[in-house]
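Okay, structure first, notes after.
The values are calculated or read from the model by the stated rules, or taken from the named source; none is laboratory data. Predicted model only: the values in this text are computed from it and were never measured. Cβ coordinates were reconstructed from backbone atoms using ideal geometry, including for glycine residues, and neighbour counts include every protein chain displayed. Ligands, DNA and RNA are stripped out before the accessible areas are found, and what is left, the full protein with its side chains, is counted by its heavy atoms. Shrake-Rupley method; radii C 1.70, N 1.55, O 1.52, S 1.80 Å.
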Amino acid sequence: MRIGSYQLENNVIVAPMAGITDRPFRQLCRRLGAGLAVSEMLSSNPKVWKTEKSMNRMDHSGESGIRSVQIAGADPELMAQAAQFNVSNGAQIIDINMGCPAKKVNKKLAGSALLQFPELVQEILDAVVNAVDVPVTLKIRTGWDQDNRNGVEIARIAERYGIASLAVHGRTRACMYKGEAEYATIRDIKRSVSIPVVANGDITSPEKAKQVLDYTGADAIMIGRAAQGRPWIFREIDHYLRTGEHLPAPEIAEVRSILMEHLDNLHQFYGEPMGARIARKHVSWYLQTHDSDGQFRRVFNALDNPQAQVDALEEYFKTLAAN
């Protein structure tokens, strides 16, 4: 899988997820087998670039691998400026968000709302591609709703205006994250363009990854929610795609090691009290299968001190190991 001049280590990519794919999570997924990790969505509105939230999202210091930064907005000129700003800040790939279904994004005509306006899509792609000298990629959904599934039309526009790679989530905006993703539209898109196509949506296992790649003919897959609390899914899928064999599930000792590393990085990256607050959701995801009744997670979610969180988890894993 190539994106412009960049050769990815494999074709398993971390999907950009707001509030999730921060630097600690991206680094962890890369270490555990992801070929590329795309950053959280950044607004093209320059008024918010200096806020703490945006500054954290822009932080790529010491990050390994190719730096792909996603931008969102509806104004071609502002999107071009945002692309230039992020390239000057170290972005090696600019990704344009036309897939986010969130109301607060769509009401500004950004994210998947743009799929309703192919002419505006053209203007944005043209402005961004011509504003920077790095590859520009695009993430879309299959359309706005079931009656307006225009993914093929948008894909052809993307190819015409110089997009280097196209990621497609197999749902319309109206579907949000409900029901099951469909891959027929992704297959049609792949057949209609010559640029690399990345399939996204409901890929939760190595077998599903291979099935989706075989069915759609896509060049790569993108994993989002399935990686929450399970960042080793990338090495599992990559290994299976290369060998046809399954890696064993991580032992509890390795789960503990990965989780404690992630926790420490969150505490360091965000500081107090934010690091402890953000850690809660990640810990909840990691422990879903182990803490099935949610008892420990309820206790953990009341902790707002980093050391208290570390101590509680150490005790929890000691108890697990003893049982």
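Quick rundown of the values:
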{"quantity": "³J(HN,Hα), Karplus 6.51/-1.76/1.60, whole Hz, each residue of segment 156-170, x for Gly, Pro", "calculated": "5, 4, 4, 5, 5, 9, x, 5, 7, 7, 10, 9, 10, 8, x"}
{"quantity": "Accessible area of residue 320 in the full protein assembly, 1.4 Å probe (Å², nearest 10)", "calculated": "50"}
{"quantity": "Unit charges on C-beta of K, R, D, E only; dipole of segment 250-320, Debye", "calculated": "280"}
{"quantity": "Solvent-accessible area, 1.4 Å probe, carbon plus sulfur percent, for the chain", "calculated": "48"}
{"quantity": "Extreme residue, positive dipole direction of the chain, given options 90, 142, 294 (C-beta unit charges)", "calculated": "142"}
{"quantity": "Positive-end residue, segment 1-140 charge dipole about Cα centroid, Cβ charges, pick of 124, 64, 81", "calculated": "64"}
{"quantity": "If the convex hull is drawn through the Cα atoms of segment 1-241, its volume per residue in Å³", "calculated": "108"}
{"quantity": "Entries of 178/208; 107/190; 47/107; 107/208; 104/178 with Cα pairs more than 22 Å apart", "calculated": "107/190; 107/208"}
{"quantity": "Neighbour cut-off at most 15 other Cβ (10 Å), DSSP loop, chymotrypsin sites (Phe, Trp or Tyr not before Pro), segment 156-188", "calculated": "177"}
{"quantity": "Cα centroid separation, segment 260-320 to segment 172-250 (Å)", "calculated": "29"}
{"quantity": "Area of residue 292 that stays accessible when all protein chains are in place (1.4 Å probe, Å², to 10)", "calculated": "100"}
{"quantity": "Heavy-atom SASA rank of 254, 180, 315 (probe 1.4 Å, accessible area, largest first)", "calculated": "180, 315, 254"}
{"quantity": "Average accessible area per residue (Å²) across segment 250-320 - probe 1.4 Å, nucleic acids and ligands excluded", "calculated": "52"}
{"quantity": "5 angstrom amide H check on residue 95, placed H, neighbours 5+ away", "calculated": "69, 70, 71, 137"}
{"quantity": "Added length on full extension, which subtracts the Cα-Cα distance from 0.36 nm per residue, residue 148 to residue 48", "calculated": "32.7 nm"}
{"quantity": "Kirkwood Rh in Å, taken over all unlike Cα pairs in segment 274-323", "calculated": "11.0"}
{"quantity": "Distance between modelled label sites at residue 107 and residue 268, nm, 7 Å Cα→Cβ extension", "calculated": "3.9"}
